[in-house]
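Following: one structure in structure tokens, then a few remarks.
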Amino acid sequence: MRKRKKQEGRIVNSGYADGGASRTSSILKAYHPVKSSAKADIDANLYTLRNRSADQAINTPVGAAAITTSAMHTVGTGLKVFPRVRYQEVGLSKEEARAWNRKALREFGLWAESKHCDIYKRNNFYDLQDIVYTAYLIDGDSFALFRRKMPTSYMPYSLRLQIIEGNRISNPMDGSFPGAISPLSVEMVSPYTRNRIVSGVEIDADGAVEAYWVCNKVPGDYSDVAKVETWARVKAYGDNSGMPNILQICHDTRTEQYRGVPYLAPVIETLKQVSRYTTAELTAAIIKSFFALFFTGTPFGAQGLNGIVPPVYGYEAAEGRDPNAPVVDVADYGLGAGTLNALPMGVDVKAVDAGRSMSTFDSFLTQLIKQIGAAIGQPYEVLMKNFNSSYSASRAALLQAWEEYKLRRTWFARDFCRPVYEAWLSEAVAIGRIDAPGFFSDPAIRAAWCNADWHGPTMSILDPVRDINGSALRVQYGLSTREREAAEMTGTDLEENLDQLEYEKEMIEAKGLNLGDAAVLAGQVATISLA
């Protein structure tokens, strides 16, 4: 908005001159931040941001809660694929399409549920998702390299995944100390193609990603000093297939951005202050538990308390003590219920109250964590697992958080899950385990075969009856499908549910029981009318 202002008899349009852009305001006149390029704002600070983000995620309760809560609700036990071939485009009937989807799901499970999908043979595809997503949150991005191994009788597929943390993608031949800002640490020229390399990402004259430079270890890792740092150039896409050779799991927020920003970057300073404040209050509480006594007016000088209470039992004189002073037993003085002690003449005891009021600790800390939660899209109630409000308020917090998790799940599925599924399906079709006519001849047909949905953990349910009623109404009015509701509410497959229900119904009837009959359930549970 523009603001009209009288100045020396004239009306002038001042715009933000008297607001956020004021140079005369006592609040803003010394406030001169500079927005630079993504390279200067992000890449030049990545080393510090990653280290601080990792520290907050590992060593502070709130930082750890932010990372683990997002990973738990976004990925959880892993996003499951639901093949959805666009059957009309590939010439299949509905029945044929369902049969193809089921077969593709079974074949993908053969690869994804095995640890052989991991180049290190440590995790299956669903466990790798959690590792990749967590690394993406902490470092700002993570990478997955497509590798190949010879198929075996146990594993007919050659596709393997090698997960790489973001700090291994770096500029080659950078001899500077890790984290030092130098011309080579942010941008350099490729020694082979003469392309620009920005923080390990090689780009062409148009700014398109050409390759990634992968170090054989974390640069500057002093636990592996025997290994000399070398870099491998991995082309982003295959020359013939056009398929990706390496995946970057990242979400850009600025144009010309080639590396991701850690999830905790906007709140690192506040998280650190929360940690310091919490530690200070915890220390104060520990000190408060101590009962301190000061002996004043002692006639024994530098000997201090030893001048009153000898370091030995019995009635021998302590070394260096006045032999004419009264000899006492250490057991003569102590704190206890109903104890009366006599002290030497001139000695007084004063107790120090280590009390400290913590009446504002909870409210102040809560407000800070609310700001942190708002900045990263996780309401306080969800971030701190604290649901003390009403049902409506708690559900509103869950829904707000759920929107954040669904958004990040969509990004993650696009960057990681879908490309992996397409690479696997390409091999499955090439070796004849999956039949997909036209897969390699027409990109549009290929996209139709590769179409799939990804579903993961479901939102926490505070009131199952209300949520199920809402689900039933969405299906009734055509706003959703039973298949989608089953996947989103319980993470299950509708067809498998129906097969199991059919089996259970036959078994119940064979035993002459009427479990689950409407007449039995009437009056015991809330019924849903779909008439």
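The values are calculated or read from the model by the stated rules, or taken from the named source; none is laboratory data. Remember, predicted model here, so these are calculated numbers, not experimental data. Every residue, glycine among them, receives a Cβ derived from its backbone with ideal geometry; neighbour counts consider all protein chains shown.
Among the residues making up the stretch 401-420, those that are out of contact with any strand residue (DSSP E or B) (no Cβ under 6 Å at 6 or more places or on another chain) and crowded, with 20+ Cβ neighbours inside 10 Å are 401, 405, 408, 409, 412, 420. Does at least one position in the stretch 127-146 carry a residue that is of a type in the set (Val, Ile, Thr), touching a Lys or Arg at 6+ places or on another chain (Cβ under 8 Å) and closer than 25 Å to residue 407 by Cα? Looking for residues that are of a type in the set (Val, Ile, Thr), touching a Lys or Arg at 6+ places or on another chain (Cβ under 8 Å) and closer than 25 Å to residue 407 by Cα, one finds at least one in the stretch 127-146, hence yes.
Restricting the stretch 251-289 to residues that are of a type in the set (Ser, Thr, Tyr) and more than 25 Å from the chain's Cα centre (by Cα), the residue that is farthest from residue 41 (Cα to Cα) is 289.
Can you find a residue that is touching a Ser or Thr at 6+ places or on another chain (Cβ under 7 Å) and surrounded by 15 or more Cβ atoms within 10 Å (Cβ to Cβ) anywhere in the stretch 185-196? So that I can check it myself, show each step before the final result.
Taking the stretch 185-196 as the starting set, the residues that turn out to be touching a Ser or Thr at 6+ places or on another chain (Cβ under 7 Å) are 185-186.
Among the residues that remain, those that are also surrounded by 15 or more Cβ atoms within 10 Å (Cβ to Cβ) are: 185-186.
Among the residues of the stretch 185-196, at least one is touching a Ser or Thr at 6+ places or on another chain (Cβ under 7 Å) and surrounded by 15 or more Cβ atoms within 10 Å (Cβ to Cβ), which makes the answer yes.
Would you mind stating whether residue 143 is over 25 Å from residue 431 (Cα atoms) and either over 25 Å from the mean Cα position of the chain (by Cα) or at pLDDT 95 or above (or both)? Criteria met by residue 143. Checking the stated criteria, residue 229 turns out to be in contact with a Cys (Cβ under 8 Å, 6 or more places away or on another chain) and either farther than 30 Å from residue 409 by Cβ or among the polar types (S, T, N, Q) (or both). Looking only at the stretch 376-399, which residues are at pLDDT 90 or above and more than 16 Å from residue 362 (Cα to Cα)? Answer for the stretch 376-399, where residues must be at pLDDT 90 or above and more than 16 Å from residue 362 (Cα to Cα): 376, 377, 378, 379, 382.
In this entry, residue 122 passes the filter for residues that are under 23 Å from the mean Cα position of the chain (by Cα) and free of Cβ contacts under 8 Å to residues at least 60 places away in the same chain.
From the list 34, 62, 12, which one is exposed (fewer than 13 other Cβ atoms within 10 Å of the Cβ) and either of a type outside the set (Phe, Trp, Tyr) or at pLDDT below 95 (or both)?
Numbers: 62 fails: exposed (fewer than 13 other Cβ atoms within 10 Å of the Cβ); 12 fails: exposed (fewer than 13 other Cβ atoms within 10 Å of the Cβ).
Result: 34 is the single residue among 34, 62, 12 that is exposed (fewer than 13 other Cβ atoms within 10 Å of the Cβ) and either of a type outside the set (Phe, Trp, Tyr) or at pLDDT below 95 (or both).
Residues that are closer than 14 Å to residue 246 by Cβ and in contact with an Asp or Glu (Cβ under 9 Å, 6 or more places away or on another chain) within the stretch 201-220 comprise 201, 202, 209, 210, 211, 212, 213, 215, listed in sequence order.
Could you please find all residues in the stretch 208-221 being of a type outside the set (Lys, Arg) and either surrounded by 12 or more Cβ atoms within 10 Å (Cβ to Cβ) or touching a helix residue (DSSP H, G or I) at 6+ places or on another chain (Cβ under 9 Å) (or both)?
Kept after step one, since they are of a type outside the set (Lys, Arg), are these residues of the stretch 208-221: 208-216, 218-221.
Those that are of a type outside the set (Lys, Arg) and either surrounded by 12 or more Cβ atoms within 10 Å (Cβ to Cβ) or touching a helix residue (DSSP H, G or I) at 6+ places or on another chain (Cβ under 9 Å) (or both): 209, 210, 211, 212, 213, 214, 215, 216, 218, 219, 220, 221.
When residue 516 is tested against the conditions (1) modelled with pLDDT of 80 or more; (2) farther than 29 Å from residue 421 by Cα; (3) not charged (D, E, K, R), the lone failure is (1).
All conditions in (1) in contact with a Ser or Thr (Cβ under 8 Å, 6 or more places away or on another chain); (2) over 17 Å from residue 244 (Cα atoms) hold for residue 472, with the sole exception of (1).
Going through (1) part of a loop (DSSP other than H, G, I, E, B); (2) small (Gly, Ala, Ser); (3) at pLDDT 90 or above one by one, residue 373 falls short only on (1). Across the stretch 440-490, which residue is farthest from residue 408 (Cα to Cα) among those that are of a type in the set (Ser, Thr, Tyr) and either modelled with pLDDT of 75 or more or in a helix (DSSP H, G or I) (or both)? Only one residue tops the list, namely 441.
Remark: residue 493 falls outside the filter, which requires a residue to be modelled with pLDDT under 80, surrounded by fewer than 12 Cβ atoms within 10 Å (Cβ to Cβ) and among the acidic types (Asp, Glu).
For every residue, the table says whether it meets (1) touching a helix residue (DSSP H, G or I) at 6+ places or on another chain (Cβ under 9 Å); (2) assigned to a loop (DSSP other than H, G, I, E, B).
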position	(1), (2)
202	no, no
205	no, yes
223	no, no
232	no, no
240	no, yes
256	yes, yes
263	yes, yes
270	yes, no
282	no, no
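Please work out which one of (1) more than 30 Å from residue 449 (Cα to Cα); (2) in contact with a strand residue (DSSP E or B) (Cβ under 7 Å, 6 or more places away or on another chain); (3) surrounded by fewer than 19 Cβ atoms within 10 Å (Cβ to Cβ) is the condition residue 158 fails and give its number. Against the list (1) more than 30 Å from residue 449 (Cα to Cα); (2) in contact with a strand residue (DSSP E or B) (Cβ under 7 Å, 6 or more places away or on another chain); (3) surrounded by fewer than 19 Cβ atoms within 10 Å (Cβ to Cβ), residue 158 comes up short only on (1). For beta carbons closer than 6 Å, sequence separation of 6+ or different chains, a first residue in the stretch 19-45 that is without any contact (Cβ under 8 Å) to a residue 60 or more places away in the chain and a second that is in a loop (DSSP other than H, G, I, E, B) and surrounded by 14 or more Cβ atoms within 10 Å (Cβ to Cβ), the qualifying pairs are 28/22.
Taking each residue of the stretch 491-520 that is part of a helix (DSSP H, G or I) and looking for partners that are polar (S, T, N, Q) and at pLDDT below 80 with beta-carbon atoms closer than 8 Å, six or more apart or interchain, yields 508/514; 518/527; 520/514.
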